[in-house]
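Everything below concerns the one structure shown next.
Any read-out appearing in this document is the output of simple, stated calculations on the displayed coordinates, not a laboratory observation. Owing to the predicted nature of the structure, the values given are computational and were not obtained by experimental measurement. Note that each Cβ is placed from the backbone with ideal geometry, even for glycine, and that neighbours are counted across all protein chains shown.
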Amino acid sequence: MAFIKVCTKDDLIPDAGIAAKVGDVQVALFYIDDEVYAVGNHDPASGANVIFRGICGDLHGELMVASPLYKDHYSLITGKHMDGKDLAIPVYPAKIEGNDVLVDVEAASQAA
Amino acid sequence: MSARKQTIVVVGNGMVGHNFVEKLVDAGLLEHYEVHVFGEEPRPAYDRVYLSSYFSGKTAEDLSLVPPGYYEEHGIHAYLGDPVVDINRRKKIVYSAKGREVHYDKLVMATGSVPFVPPIEGNDREDCLVYRTIEDLEMIEAKAKVSKTGVVVGGGLLGLEAAKALADLGLETHVVEFAPRLMPVQLDDAGAGLLRRKIEKMGVFVHVSKNTQLITDGEKRRNKMVFADGQELETDIVLFSTGIRPRDDLAKKIGLKLGPRGGIVVDDMLLTSDPSIWAIGECALHDGTIYGLVAPGYAMAQAVVHQLQGITATFTGADMSTKLKLMGVDVGSIGDPHGMTPGAHTYVYQNEPEEIYKKIVVSEDKKKLLGAVLVGDASDYGNLLQLYLNEMELPEHPDDLILPQRSGSSSNLFGPAALPETAQVCSCYDVSKGDIIKAIDDGATTLADVKAVTQACTGCGGCTQLVSDIVNYELEQRGVEVKKDICEHFPYSRQELFHIIKVEGIKTFDELLAKKGQGHGCDICKPAVASIFADIYNSFAMEEDKIGLQDTNDRFLGNLQKDGTYSVIPRVPGGVITPEKLIVIGQVAKKYNLYTKINGGQRIVMFGAQLNDLPAIWEELLAAGFESGQAYAKSLRTVKSCVGSTWCRYGVDDSISMAIKLEHRYKGLRAPHKIKMGVSGCTRECAEAQAKDVGVIATENGWNLYVCGNGGMKPRHADLFATDLDEETLFKYIDRFLMFYIQTADRLQRTARWLENLEGGIDYVKDVVINDSLGICDELERQMQFIRDTYKDDWYEAVHNPEVREKFRMFVNSDERDPDVVFVKEELTGMYRPATPEEKLKGIAVEVRPNA
């Protein structure tokens, strides 16, 4: 399996997140500057599936999402925890093709 | 560490006795000493300096100097309501009234003083009172209820404080002074004359050069005072405030050396005639002087603690300079205010229209300050005191020190830079300029930090301006720009962003970022800007370009709980709810298996709502007439109220109606942080309004308004803002107050912290809100009116707008719920609570779905 369509471009919310389910995998999708970024929806700091409900933006130029529960920051590029905890979320390849949003959940890269 | 701990017994738990214990703790001496404290009064040490504030709303707890649990926490044995009655100096044992016996190695007498009552015939009559302890105050309060008139005998510091207390209690108040002027020790004739005029303007009658000879039955009032000049004065209450006498009866009993007119004789080490016993505070007679102020007492405590630390320390007398606010009049007195020093010169500045009097006394060569008198404006006190204490050289024209600094004139004759590091800035806690510098070197970056670390400004508060100046100066010197940037994306404070957005009419985050910021924004600046948009444009959180700015609570209009579910809180204005609505809440909670609890804001919370169910839940609630409680937003939460005159037999006014009106008036108003309000129908204060951001309490003549109270982590008692307001004025003040707070506070700064960090404090806010000193009140009211006029219920919008409604789902590509959100039925309550990780592993957790 490679890239799978999860939704259309219109479902994305600019500078915010939504979640999609691919098999048993929950993916959080962020739409920033016309690019889509896919990461795991599970927040390892809180144990809850809440990442898509976090505020995204950047810290020192690196795109990130702040988990809404305890405000842990994770990089949208590497998945790494940005405030010094030994935690990370998976990062999935994602792209927009025409009007389709595609994610490859098998090719997760997990920094740790 | 030594083999056995030595024992210190402290006899007396007043301000100085407690300060001594505090200093022992801070010096780490509890490692070497076991400490026993005996106090006569039933409660631990409290602030006698601010005693009169008891009548303007402060409670005994507010006045307490001992945090709850302080003695226990430090392993100090404290026996309150149990005075020491005898001491065996040979065996070194103290005996208490309740029969305790404690052996000591060292003993500290801190027995304080008692009020002096002059030997006037009739001074033991039932209405003759003194002013020293909280019990005295309770007695005065009780008597005042059956009295119309009160006379304070004694026009000194304490006497005028006492007069304020009587005036606050609503009595016709007189002050009778033996000397020809008020505050004869500290003030000269001109200064005292101005003080008298100001006090008389407030309706207090002042009688000087009056020698009371007899107190007897009155004709119109219960008592009559007869003076040596034959005049008479009828009164109900006679309050003596004619000085103090050291509490030396115990010392006398055990044979310590006393002074000819009382007081325990101490040397420069503060040792009594027994080398194992020290005496400190108002019971001690040092070099022929009893110090009736708290700062010298604290200095004595410090000297003894230093000795225990092995540091050579002596007490060689103390400065008796004072600054205080007497009945709203600023008064300061420094050093030799009467110019008694040979060759001294005097400069006087007298401003009759503005009622200001300033005098300085300088040395013959005009190089040193010897004394000063300030009445009506004591803002120069801190600087003058430093010049005096540090014997600093005066400017070429010493009168520049008291002449007004009008435009064009040099404004910095003796700024914080000029002070030596040894200069004592805060006399209450003995904080020097060097201590403040150290605190800044150790990382303090604000006045609040410095206060927390050094305790400066936290006693009488007289040094606040000076400490603030030093902090700002030192930070500037270090090149520290006092940074207030909200985050790395905007070089502006929240207040500055507010004004930028408003003045430039910016309507989107992208526009703001492009014009004034950099990067993509973050979880700090985005919600702050969203809140500002809501304040200025009343913009809805779910507008397409605003969604990404919202904290999850604002985005999904619920409070996110630890498991990813939300709580649902409908508005229950004033905590009043009909049976029909209660039933609906029950039905909804039952249908969606929600966990129900009544929270601290008199509302019902339904926990465990899943994202997908939120619109349906709210649809049912809205249909039953509920509206959003905005519990998820940084906005008005709840207006707590008692039942008031509707039901309560003590209620003075209808607190329920007032609470409901307030709740509807300010619901949905976005703010830097949440806002809580309370309304009590009488002074019993069942709604705890004084712990709220805005508190309203009914009086016989209207409503009293309190602001900037706080419960939570750092409780703060609210400040009385205005009294006896009619409803219209009350709303007007609250409109202005809230909008001023919203425009000027930092993000996540509650009103209490905002006020603490606001230069000028509560007086400044009063000036802005009541006197419109900034000329912005019209604008503040207009903005509030706009917010009110454009109010929309968040949930009504969300439920009835299909585009918004479809966003309340867990997954964009599936109608499934989050499979990891599972529950366990709680045994105690029979309701579903989130499963723990262990329960999930064991497989005993269940998914919960709405019942049909």
Between helix B:579-591 and chain B: long-axis angle, C-alpha atoms, 0 to 90°, nearest 10: 60
Karplus-derived HN-Hα couplings along region B:646-662 (A = 6.51, B = -1.76, C = 1.60, θ = phi - 60°), whole Hz, x at Gly and Pro: 4, 10, 6, 6, 9, x, 8, 8, 7, 6, 5, 4, 4, 5, 5, 4, 5
Ratio Rg/Rh, restricted to the protein assembly as shown and using Cα atoms, in which Rh is the Kirkwood radius: 1.03
Pairs from B:LYS590/B:LYS825; B:LYS526/B:LYS634; B:LYS201/B:LYS224; B:LYS732/B:LYS766; A:LYS21/A:LYS95 whose Cα-Cα separation, in the structure shown, is over 18 Å: B:LYS201/B:LYS224
Kirkwood-based shape ratio for region B:494-556, expressed as Rg/Rh from alpha carbons: 0.92
On Cα atoms only, tilt of B:614-623 relative to the major axis of chain B in degrees: 80
More than 20 angstrom apart: percent of Cα pairs within region B:705-834: 64
Solution diffusion estimate, µm²/s, Stokes-Einstein, region B:273-328, Kirkwood Rh from C-alpha pairs, 25 °C, viscosity 0.890 mPa s: 195
Principal axis dimensions, largest first and in whole angstrom, of region B:535-595 by Cα: 40, 29, 17
Computed log₁₀ I(q)/I(0) - Debye formula, equal Cα scatterers, no solvent, region B:623-708, q 0.16 Å⁻¹: -0.59
Residues B:TYR347, B:TYR381, sorted so that the one with the fewest Cβ neighbours within 10 Å comes first: B:TYR347, B:TYR381
Kirkwood Rh, angstrom, region B:271-409 [1 / mean 1/r, Cα pairs]: 17.0
Fraction of alpha-carbon pairs over 11 Å apart in region B:632-675 - percent: 64
Exposure proxy ranking, count of Cβ atoms within 10 Å, fewest first, for B:LEU403, B:LEU385, B:LEU466: B:LEU403, B:LEU466, B:LEU385
Sites matching GluC sites (Glu not before Pro) across region B:201-250 that sit in DSSP coil, with at most 11 neighbouring C-beta atoms within 10 Å: B:GLU219
Rg in Å to one decimal, and Dmax rounded to a whole Å, for region A:40-90 via C-alpha atoms: 9.4, 27
Amide H within-cut-off set for B:LEU129, under 5 Å, with H built and near neighbours excluded: B:VAL238, B:LEU239, B:PHE240
Region B:635-792: radius of gyration and largest Cα-Cα distance (Dmax), Å: 14.6, 43
Cut-off under 5 Å, modelled amide H: who pairs with B:HIS338 long-range: none
Projected-area mean, region B:117-242, by convex hull of Cα positions, square nanometres: 7.1
Volume per residue of the C-alpha convex hull in chain B, rounded to whole Å³: 224
0 to 90° range, to nearest 10: angle between helix B:525-537 axis and chain B longest Cα axis: 90
Region B:160-227: C-alpha gyration tensor shape, a/c 1.5 cut-off, then a/b vs b/c: oblate
Taking the C-alpha atoms of region B:40-123, convex hull volume expressed per residue in Å³: 159
Taking the C-alpha atoms of region B:237-348, convex hull volume expressed per residue in Å³: 176
Alpha-carbon gyration tensor eigenvalues x 5, square-rooted, for region A:1-99, Å: 21, 15, 12
Of the GluC sites (Glu not before Pro) in region B:633-741, those whose Cβ has at most 16 other Cβ within 10 Å and which sit in DSSP loop: B:GLU700
Distance (nanometres) between label positions extended 7 Å along Cα→Cβ at B:GLU232 and B:ILE598: 6.0
Qualifying GluC sites (Glu not before Pro) for region B:769-852 [loop in DSSP, other Cβ within 10 Å: at most 16]: B:GLU806, B:GLU816, B:GLU826, B:GLU827, B:GLU847
Antiparallel DSSP beta bridges within chain B, percent to nearest 5: 65
